[in-house]
C-alpha cells in the first residue's frame, strides 16, 4: 500500500502524491524556500487539519535543518495552530505534533530574535510534550528547558492565586530539571522560590550552599540574600 | 564490590545486607508479618532520607500484602514526603519515588476520585508524569494521572477564569481520549473542557460521540445538562 501515511480528505491520493513528489524536490533543492509556494498550494487544498499541520511541520523541519530559523518557526507555529487531536487522523501525525510543540516552545527561538512569547504561551506546548513523550523516544530527561518553563509558569500562578499545590508542582518540575543539570543556577533559583513559599527552610539553606558553588555571577545569590529564609511551617 | 548500589547512611554494610536479603527472599523464610517487622526496623535504622523513603515504600508493599490498606496508604504518603529530591542519594532511589507517586495517584482513582481530596493527590500525579522514565510505568498506567491533573487544571481554570489552565486541562483530556477513544467518562471530561473554552463546534462533536458510546446513559445526561457555549466563532 503506497501513501499509507496519508489520512487526509483527498480519497484520490492526488494530494499525497503531489506532496511526496514535492518533498523529494525540496530535499534535493539548495533553495527549498523557492518551492514553498507549491507546498502552500497543497496546504490550501487539503481539508483535514492534521494533514495540513503535517505538511506545515514538514516545511518547518526542512527549514530548521537548513538553519532558516525565523521561517522555520513561522511554519511550526502555523502547524501548532492547525493540529486537532480530536480528529480521527491525529494518531498518524502524533509524532509531528509532539515535535512541533517541542520546537515552538524551545529556547532556540532566541536565535532568530522573534521571541515575544513567554511562559504562559509556552506552558501548554511543554505540557503537551510531556503528555505525549511516551509516544516518542523523548523522555522528560530530555525536556530540561520545558520543565523549567512549566515550573516558572506554575510558580507565577501560585503567586497570583496563593496556591501551595502549584508551588508543589513547581518544586517537582524544577527538582527534575535540577537532577538532570545539577549545576544550573536557574533551576536552583526556581527550586529556591518554590521551597521558600512551601516553608522548606532546610532546602533553601542547601540551595544557597549549592548556589555559592555554581552561581559564578552571583545573580541568584543576591536574590536569595534579598529573599532571606522562610519561616519554618508548622505542619 | 558488593552492595555498591547502596548510598545510605550505614557504612558498616549491615543495612544493605539486610535489605538485599529481604529482597531476595520471596516470602520463603519470612512470613508477611515478619517482613513488615523487618522493614520497620530498616526504616528505624536508616538515617538517609532517600533510603528511609525506599524502605517506607517496601514497608507499604509488605503491608499491602497483608491487606492492611490504610496503613499501606499512610506509609506511601510518608515515603512520598520523605524523599529528598535535593539529596545526593536521590538518583539511586528515583525508581521507587516514581513508583510511590504513581501508586498514590492510583489511590485517588480507587477511592472514587474524591474531588475534595484532589489537590492533595495532584503533586503525586505530576511527579509520576515527570519521572515515569525511571520506573516501569507505561503510557496506559498514566491515564489516571492525566485525568486527575486535567481535573485539577479545569477546576483551577474555572475558579480563576484562567484560559491557559483551561488549555492545560484540554491537553490532558485529549491525551486521555486518544488513549481510550470510546470511554464515556473521558468524553464527558473533554466536553467540559471545550465548554469552558467556549468551543461550540467541538462540544457538539463530543456530544455526538457520547450519544454513540454511552450505552448506560450515565454521562450523556450530565453533558446535556451543562448546556452549550453560545453560537459564534470558536
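The values are calculated or read from the model by the stated rules, or taken from the named source; none is laboratory data. Because the structure is a prediction, the values reported are computed rather than measured. Quick reminder, even Gly has a Cβ in these numbers, built from the backbone with ideal geometry, and neighbours come from all protein chains shown.
Some points to look at:
- All conditions in (1) without any contact (Cβ under 8 Å) to a residue 12 or more places away in the chain; (2) more than 19 Å from residue B:152 (Cβ to Cβ) hold for residue B:84, with the sole exception of (1).
- Against the list (1) at pLDDT below 95; (2) surrounded by 14 or more Cβ atoms within 10 Å (Cβ to Cβ); (3) more than 13 Å from every other protein chain (Cβ to nearest Cβ); (4) under 22 Å from residue A:80 (Cα atoms), the condition residue B:198 fails is (1).
- Residues of the stretch B:83-96 satisfying the condition of being part of a helix (DSSP H, G or I), surrounded by fewer than 20 Cβ atoms within 10 Å (Cβ to Cβ) and more than 11 Å from every other protein chain (Cβ to nearest Cβ): B:92, B:95
- In the condition set (1) modelled with pLDDT of 95 or more; (2) closer than 30 Å to residue A:180 by Cβ, residue B:71 is compliant with all but (2).
- Test: residue in the stretch A:190-212 that is over 28 Å from the mean Cα position of the chain (by Cα), free of Cβ contacts under 8 Å to residues at least 24 places away in the same chain and farther than 13 Å from residue B:86 by Cα: yes
- Residues located in the stretch B:1-56, provided they are over 22 Å from residue B:87 (Cα atoms), surrounded by 14 or more Cβ atoms within 10 Å (Cβ to Cβ) and more than 29 Å from the chain's Cα centre (by Cα): B:17, B:18, B:30
- Qualifying positions in the stretch B:148-165 - more than 10 Å from every other protein chain (Cβ to nearest Cβ) and assigned to a helix (DSSP H, G or I): B:148, B:151, B:154, B:155, B:157, B:158
- Selection count, the stretch B:97-119, where residues are surrounded by fewer than 14 Cβ atoms within 10 Å (Cβ to Cβ) and either part of a helix (DSSP H, G or I) or within 14 Å of chain A (Cβ to nearest Cβ) (or both): 4
- Selected residue (only one of B:186, B:208 is loosely packed, with under 14 Cβ neighbours inside 10 Å, at pLDDT 95 or above, within 14 Å of another protein chain (Cβ to nearest Cβ) and assigned to a helix (DSSP H, G or I)): B:208
- Boolean, residue B:169 is under 18 Å from residue A:134 (Cα atoms) and in contact with a helix residue (DSSP H, G or I) (Cβ under 7 Å, 6 or more places away or on another chain): no
- Any chance residue A:99 is part of a helix (DSSP H, G or I), in contact with a helix residue (DSSP H, G or I) (Cβ under 6 Å, 6 or more places away or on another chain) and surrounded by fewer than 24 Cβ atoms within 10 Å (Cβ to Cβ): no
- For first residues located in the stretch B:124-147 and more than 7 Å from chain A (Cβ to nearest Cβ), partners that are part of a loop (DSSP other than H, G, I, E, B) and surrounded by 20 or more Cβ atoms within 10 Å (Cβ to Cβ) and lie 6+ apart or on another chain with Cβ distances below 7 Å form the pairs B:128/B:137.
- The selection criterion, being modelled with pLDDT under 85 and out of contact with any helix residue (DSSP H, G or I) (no Cβ under 8 Å at 6 or more places or on another chain), does not hold for residue A:109.
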